[in-house]
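Here is the structure we will look at.
Values quoted throughout were computed directly from the atomic coordinates according to the rules given, and no laboratory measurement underlies them. As the structure is a computational prediction, the values presented were derived from the model and not from experiment. With ideal geometry, Cβ positions are generated from the backbone for all residues, glycine too; neighbour counts draw on all protein chains shown.
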Amino acid sequence: MSIIRPTYVESQTPSYVLMPADGHHAHIICPKCHRVQEVEECELHEVLPLLEKRYGRKFSGHLLECYGLCDECSQ
């Protein structure tokens with residue numbers, strides 16, 4: 001089963017992303033132009049076991065949003 005989840009980029013109006021059935025989705029978002037880049041290879045799987053141990057939970061998925069200027073906006 002997939003989940004549709006809202007995301008907010010410096011706005012009160014959400015955009016929506018489809019969380020795939022495996023529960024893993026990641027973006028890099030430019031805070032200036034709001035360009036969204038899909039992250040194909042998410043490395044968060046290396047950190048999840050540490051978070052599971054710390055918080056006593058077994059995670060079924062994640063949505064990761066990282067913010068940084070794109071090449072065009074950083075010039």
Work out, step by step, the length gained on full extension between E72 and I28: first 0.36 nm times the residue separation, then minus their alpha carbon distance; give nm to one decimal.
-> 14.4 nm
Within 10 Å, count the other beta carbons around each residue, average over each peptide in 27-36, 51-60, 64-73, and list them highest first.
-> 27-36, 64-73, 51-60
Length released on extending from L64 to V39, taking residue separation times 0.36 nm less the Cα-Cα span = 8.1 nm
Whose amide H sits under 5 Å from the amide H of H62, counting only residues 5 or more places off or on another chain, with H placed in the peptide plane?
-> H24, H25
